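The values are calculated or read from the model by the stated rules, or taken from the named source; none is laboratory data. As the structure is a computational prediction, the values presented were derived from the model and not from experiment. Glycine also receives a Cβ, built like all others from the backbone with ideal geometry; neighbour counts cover every protein chain displayed. Accessible surface is based on the protein model in full, side chains and every heavy atom, while ligands, DNA and RNA are left aside. Shrake-Rupley method; radii C 1.70, N 1.55, O 1.52, S 1.80 Å.
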Amino acid sequence: MLRGNFQRNTRQRQVILEELRAIHCHPTASELHEMVRRRLPRISLGTVYRTLDLLVRLGAVQRLESGRGQARFDGNPDRHHHVRCVGCGQVADMRTGPSKQARRGDQQIGGYEILGLRVEYIGICPACRDRMPPDERDRLRREWR
Ligand SMILES: [Zn+2]
Ligand SMILES: [Zn+2]
């Protein structure tokens, strides 16, 4: 029975990783669950959560934490920058990032040893820009200034 479980878990892990690597929209666990269910109709949301935890620990997947809203997941484990929409929470990759002023280990800021730099841009995605009333956009611009 153990062997059966092991094979099923391996298959689930494979499908979850494949689905996540095939897209670039950084889904939440429940969004990913919807996608994976097309191939594994009986998989539970709990299994998706557990598998994502494991893949993050293995370094195959990145978890993108956010102050508000649910964590999102990235099938690209390489370091890169992100932009997050304040309207819908969608996260996209950014090709360029700010220059690294504090380089790993060689500078201290406020008593902290700097281990790295992770920056997230905040923006409004094209879809939200189209449907957002102009005064809402102005309010958000002031909030993030
Ligand atoms: Zn948006
Ligand atoms: Zn990314």
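Label-point separation (nm) for residue 56 and residue 95, each offset 7 Å from Cα along Cα-to-Cβ?
3.0
Long-range amide H contacts for residue 121: which residues qualify at under 5 Å (H placed 1.01 Å from N, peptide plane, sequence gap of 5 or more or a different chain)?
When sequence neighbours closer than 5 places are left aside, the close amide H contacts are 82, 83, 84.
Counting only protein heavy atoms and a 1.4 Å probe, tell me what percentage of segment 1-72's accessible area is made up of carbon and sulfur.
Details: 2440 of 4700 Å².
C and S fraction of accessible area: 52 percent.
Between residue 131 and residue 23, what length comes free when the chain is fully extended (0.36 nm per residue of separation minus the Cα-Cα distance, one decimal in nm)?
Result: 36.5 nm gained on full extension.
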